[in-house]
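> Take a look at this one; I'll ask things after.
Here, each number is a calculation from the coordinates, and none is a lab measurement. Just so we're clear, the structure is a prediction, and the values are computed from it rather than from any experiment. We place every Cβ from the backbone using ideal geometry, glycine too, and count neighbours over all the protein chains shown.
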Amino acid sequence: MKDLIKKDHTYAHSIDRVWAAITDPAQITAWFIKANFKAEVGYDYTFQHEQTIIKGKVLEVSPVTKLVYTWNVSGTGDVETTVSWQLSPIPEGTHLTLEHSGISNYPEEGLATTMFDNFSKGWINCISELEKYLKEVAHA
């Protein structure tokens with residue numbers, strides 16, 4: 001069973017702009033999912049999309065470079081996975097490495113496989129939506 005999803009992407013935007021987009025609740029809501037979120041260690045956040053609720057706790061914050069939080073999807077038991085956003089400034093803008101780990105924590109292999117596939121597709125969409133949002137903000 002695969003346990004780690006890793007996505008890399010380069011954004012033609014400053015690290016400050018990308019950081020704000022992934023940590024400010026109004027911006028998260030604009031491009032990703034309705035968010036009650038603060039980039040503060042220990043903060044219990046909630047994301048909601050239609051009937052799906054995701055809850056977790058912020059584990060690590062290194063402003064503009066790293067954000068780590070737990071991820072628990074409603075209706076899937078108390079399985080906790082971890083999402084990590086690592087940002088690095090590069091000449092072209094900002095490089096993002098997004099990792100989602102702990103998916104093998106789901107008790108049934110079938111559910112773990114389904115969640116891995118769903119999360120993987122979801123993060124591809126997330127990266128794309130973030131790209132669109134950053135372009136819109138840059139041209140606003």
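> For Ile124 paired with Lys38, estimate the spin-label separation in nm (one decimal), with each label point 7 Å from Cα along the Cα-to-Cβ line.
3.7
> Counting pairs on different chains as well as pairs 8 or more places apart, how many Lys pairs in the chain have Cα atoms under 13 Å apart? Walk me through the intermediate numbers first.
Values: Lys6/Lys121; Lys7/Lys121; Lys34/Lys55; Lys38/Lys55; Lys38/Lys57.
Close lysine pairs under the 13 Å cut-off: 5.
> Would you mind checking which residues have amide H under 5 Å from Lys66's amide H? H placed 1.01 Å from N; only 5 or more apart, or other chain.
Amide H to amide H, under 5 Å and 5 or more residues apart or across chains, Lys66 pairs with Leu87.
> A further question on this structure: Rounded to the nearest Å, what's the spacing between the alpha carbon centres of segment 3-35 and segment 87-133? Just the number, please.
So the two Cα centres are separated by 11 Å.
> Across the chain, where is the longest run that never hits GluC sites (Glu not before Pro) in a DSSP loop with at most 10 other C-beta atoms within 10 Å?
With GluC sites (Glu not before Pro) excluded where exposed in loops, the chain gives 51-91 as its longest stretch.
> I've got another one for you. Which residue fluctuates most in the GNM of the chain (Cα springs below 10 Å): Ala39, Ala21, Ala12?
Looking only at Ala39, Ala21, Ala12, the largest GNM fluctuation is found for Ala12.
> Go through Val68, Gln51, Gly93 and say which Cα lies farthest out towards the positive end of the charge dipole of segment 4-138; charges sit on Cβ, +1 for Lys and Arg, -1 for Asp and Glu.
It is Gly93.
> Mind sorting out which of (1) 45, 27, 27; (2) 43, 33, 27; (3) 90, 43, 25 is the real Cα extents along the principal axes in Å computed from the coordinates?
Recomputing Cα extents along the principal axes in Å here picks out (1).
> How about segment 35-127: which chymotrypsin sites (Phe, Trp or Tyr not before Pro) there lie in a loop by DSSP and see at most 15 other Cβ atoms within 10 Å? Could the numbers behind the result be given before it?
Numbers: sites: Phe37, Tyr43, Tyr45, Phe47, Tyr69, Trp71, Trp85, Phe116, Phe119, Trp123; in loops: Phe37, Tyr43.
Listed in order of number, the matching sites are Tyr43.
> To the nearest 20 debye, what is the magnitude of the charge dipole of the chain about its Cα centre, counting +1 on the Cβ of each Lys and Arg and -1 on the Cβ of each Asp and Glu? Kindly include the intermediate steps, with their values, before the conclusion.
On the way: 12 positive and 18 negative charges, 52 e Å.
The calculated dipole for the chain is roughly 240 debye.
> Taking the Cα atoms only, what angle lies between the long axis of helix 109-138 and the longest principal axis of the chain, rounded to 10 degrees?
The two axes meet at around 10 degrees.
> Suppose only helical runs count, i.e. DSSP H with n ≥ 4. What mean residue ellipticity at 222 nm does that imply for the chain under -39500 (n - 2.57) per run, divided by all residues and rounded to the nearest 500 deg cm²/dmol?
-11000 deg cm²/dmol
> Find the percent of Cα-Cα distances in segment 18-81 that exceed 15 Å, and round it to a whole number. If you can, show how the numbers build up before the last one.
Details: 1006 of 2016 pairs.
Result for the distance tail: 50 percent.
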